[in-house]
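What follows draws every value from the coordinates through simple rules; no lab data is involved. Predicted, not measured: the structure shown is a model, and the values here were computed from it. All Cβ positions, glycine included, derive from the backbone under ideal geometry; neighbour counts span all protein chains shown.
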Amino acid sequence: MLKKLSKVGVMALVAALLLPGLVMASSQGVDDNTITIGSVGVTSGPAAFIGQPYYEGMRAYFQTVNDEGGVLGREIELIHRDDEFDPAQARDHVEELIYDEEVFAIVGQLGTPGVISSAQLVSDSGIPSVYFGSGATELTELGENFFPVQPNYVYEGKLMAKYAVEHFEAENIAVLYQNDDVGRDGIQGIREGLAELDMEDHLNEDAVISHNPNQSDFTAPMQRILVQDPDMVIVFSLSQAASLIVRAAEDFGLEVPMLTTYSNADASFLATIEPSETAPNAIHNLHVMGWLDVDDESLAPLITSMEEYYPDSTINAYTMAGWVAGETFVAGLRNLEGDITWENYIAGMNTLEFTDGLAAEISFEPGVRQGVTFMAVSKVVEEDGEYFFEQLTDFMEF
Amino acid sequence: MHWQIFLQNVFGGIETGSLYALAALGVVLIYRVSDVTNFAQGEMAMFSTFVTYTIWVYSANAGFPYPYIAAFIGALIFSAIFGFLIERIFIRPTSDSSLLGKMIVTLGLILMVNGSAGAIFGTDSHYMQRAITGHIRFGNMIIRPHSFFVIGLAIVIMLVLFYMIKFTMFGVAIRATAQNDKVAKLMGVPTKKVTAFTWIMATMMGAIAGLMIAPATNVYTGMMADIHLKSFIAAVLGGFTSFVGPVIGGLMIGILDNLVGYYISTNWQTVIVYGFLIIILIFKPYGLFGEIPKKKV
């Protein structure tokens, strides 16, 4: 009897220990009035120029949703932690958000190093993590609770290769890429894309040229490109280096189309080049990939919201990215059936086909985490001394 | 034309190397006076450059006929005050602390100055024009007159510092303070003024360096990160106790970077160049022009 009782007691104890954990794990961060979510990303220091508009865009979206009555009868509350672009801090903050703040989801974590450093933690906990301010390819393989949206750089590289040969009809492509995870993913995608199109011979290995992310002198890379006499140059570099490359193209008289990553698809990038002073000719050769289907109509809600909540801020591509992070999370909530639990949210996201937002289409299937796959090419146009990107092609998948 | 490509890489390297040299001279000046390595020199230069940029934009918008000159003069005035305040508020109160303590203070200044710049000027990246705009073509080669201006400026500053330290009374005071500030003080040398003036000069040199560097990097809070690191390497390579050394070291790094990048590999450029520089330092541990410290028995 005592033995039986002790067995029951042990089982009860185990249940008592496990059950609250299970209940908490499946509905934490949700009460009758609020869904609390968390995000980690840089808003101070040298990379703050990305995070500040990004989080303004995200908060503007949630404030708009809340003003309209919330979602599933609840308001969304965002807890943001600044990781100063430090992966160790990012991991600590994600842990704090999951286990101390007990948020329902991580939304829009910003910055590849931080995302990768906290990936195992997110994976182990099973918490939904929706939208990443990162194009890292690893995000597509981390698990069912990860929902990347931004195109990954390998995929973008493949699509760039396709545009290069099909739209630009390039037969002798040169690639200038920054020698880090971003650029290496990009060049891998370009090689894979050309291989799948059976056009590897369009890229001579001598025309694949790297540069350091902080490089300021592009004399040697530009000389190497000119020797190859390419009919197109793909620039897989982020804004700081890419702006100097466009200036170097002007100085050295490179007069072929240049195509750069969607990370540079913003007017603020063009402003850093100051095209009228430094690249009046080369700027007209510049093209950029884009995954946001932006026109006056699709941008109107964002502009209205920003005017209300952040009237002094400029709207740029980072603001839009933050807005899309918010859109994606809320679209998943609206697609959810049953109680607001992690399992039901993930199930809802797995059948999502969201086309009402700034991205052309955001969709997921079980086991498929590719993010946005439709992209278009835009070119730089000038009007009354102002430079901006104008969509040149239709959206296309690889 | 192969020789044109070679010369183009050399010219490009000289221009970039001169920027490293300009940035290094301020660090060396402070080191020679106080043995302190000012790790915040780059961030202080960045802050001064933001002020310069702001003056440039405002004076251009106000229709001032020479906005660049206004910005240049404004930069010198601001940086003199900035250097004075840094020395007075952060450096002088720590004058009795250890060398390591002083250097930690300069590390703290990096965070303070960078954070202040972000809060005051924002985090966007801005274009800044060259001192002399345009370029000249020789066949396929491009020569920027701005390069000669930067190179000339680095050489002039180097010569002025060299002359000042070697041949003026103030130079004697600097050397005396550097050797033993307590004894120098007993001998009537105004060591506090010497140190303050050194910081003012170094900050002004940083402002000039920042102004010359900005066209190559844009003006933003991270503009000095790479240049500052390479300027330190230039100073170590040339010799931290010499004014000629950082200039030669800077030029070597700039030229080698380009030649290795073009003729060998851009992937391995950094490894090869800095590997080579380490080998030089193994044989010349005090740098190419550094003085070997002599101890009296």
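Oblate is the label for the range B:30-172, because a/c, from the alpha-carbon gyration tensor with a ≥ b ≥ c as root eigenvalues, is 1.5 or above and a/b does not exceed b/c. A simple count of charges around B:Met158, restricted to other residues whose Cβ falls under 15 Å of its Cβ and scoring Lys, Arg +1 and Asp, Glu -1, yields +2.
Starting from the exponent 0.38 and prefactor 2.2 Å, build the expected Rg for the protein assembly as shown from its residue count and divide its actual Cα Rg by it.
Numbers: Rg = 28.4 Å, N = 695, 2.2 N^0.38 = 26.4 Å.
The value comes to 1.07.
Under the classification rounded if a/c is under 1.5, otherwise prolate if a/b is larger than b/c and oblate if not, where does chain A fall, given a ≥ b ≥ c as square roots of the Cα gyration tensor eigenvalues? The shape class here is prolate.
The modelled label-to-label distance for the pair B:Tyr274/B:Phe84, using points 7 Å beyond Cα in the direction of Cβ, is 3.9 nm. Selection among B:Trp199, A:Ala242, A:Thr43 by position relative to the dipole of the protein assembly as shown gives B:Trp199 as farthest towards the positive end (Cβ unit charges, Cα centre).
Rounded, prolate or oblate for chain B? Axes are the square roots of the Cα gyration tensor eigenvalues, ordered a ≥ b ≥ c, and the cut-off for rounded is a/c under 1.5.
It is oblate, given that a/c is not under 1.5 and a/b is not larger than b/c.
For the range A:301-369, the convex hull drawn through the C-alpha positions has a volume of 103 cubic angstrom per residue. Against the longest alpha carbon principal axis of chain A, how many degrees, from 0 to 90 and to the nearest 10, is the axis of helix A:181-196 turned? Here the helix axis deviates by roughly 70 degrees. Please tell me the relative contact order of chain A in percent, rounded to the nearest whole number, where contacts are Cα pairs under 8 Å and at least six residues apart. Normalised by residue count, the contact order of chain A is 17 percent.
Distance between the C-alpha centres of the range B:82-106 and the range B:39-81: 25 Å, rounded to the whole angstrom.
Hey, what did the range A:183-248 get for relative contact order, percent, Cα under 8 Å, at least 6 apart? Write down the numbers at each step before the final one.
Details: 31 pairs, mean separation 23.6, N = 66.
Here the relative contact order equals 36 percent.
The relative contact order of chain B, computed from alpha carbon pairs under 8 Å that lie at least 6 residues apart in sequence, is 35 percent. Other residues with beta-carbon under 12 Å from the beta-carbon of B:Ala23 carry, at +1 per Lys or Arg and -1 per Asp or Glu, a net charge of -1. How much net charge surrounds A:Ile283 when only other residues with a Cβ under 11 Å from its Cβ are counted (Lys, Arg +1; Asp, Glu -1)? Neighbour charge sum, excluding A:Ile283 itself: -2. Using alpha carbons only, how many degrees (0 to 90, rounded to 10) separate the axis of helix A:153-166 from the longest principal axis of chain A? With both axes taken from Cα atoms, the answer is about 40 degrees. Here the calculated FRET efficiency for B:Lys192 and A:His284, from their Cβ-Cβ distance with R0 = 41 Å, stands at 0.10, rounded to the nearest 0.05.
The antiparallel fraction among DSSP beta bridges confined to the protein assembly as shown stands at about 40%. For the segment A:270-281, counting C-beta atoms of other chains within 10 Å of every residue's C-beta and taking the mean gives 3. Cβ-to-Cβ counts within 10 Å put B:Met187, A:Met232 in ascending order as B:Met187, A:Met232, the fewest first. The order of B:Ile91, B:Ile104, going from fewest to most other C-beta atoms within 10 Å of their C-beta, is B:Ile104, B:Ile91. Cross-link pairs exceeding 27 Å between alpha carbons, from the set B:Lys185/B:Lys230; B:Lys166/B:Lys192; B:Lys102/B:Lys182; B:Lys230/B:Lys284; B:Lys166/B:Lys284: B:Lys185/B:Lys230. Ordered by the number of other Cβ atoms lying within 10 Å of each residue's own Cβ, fewest first, B:Ile143, B:Ile69 fall into the sequence B:Ile69, B:Ile143.
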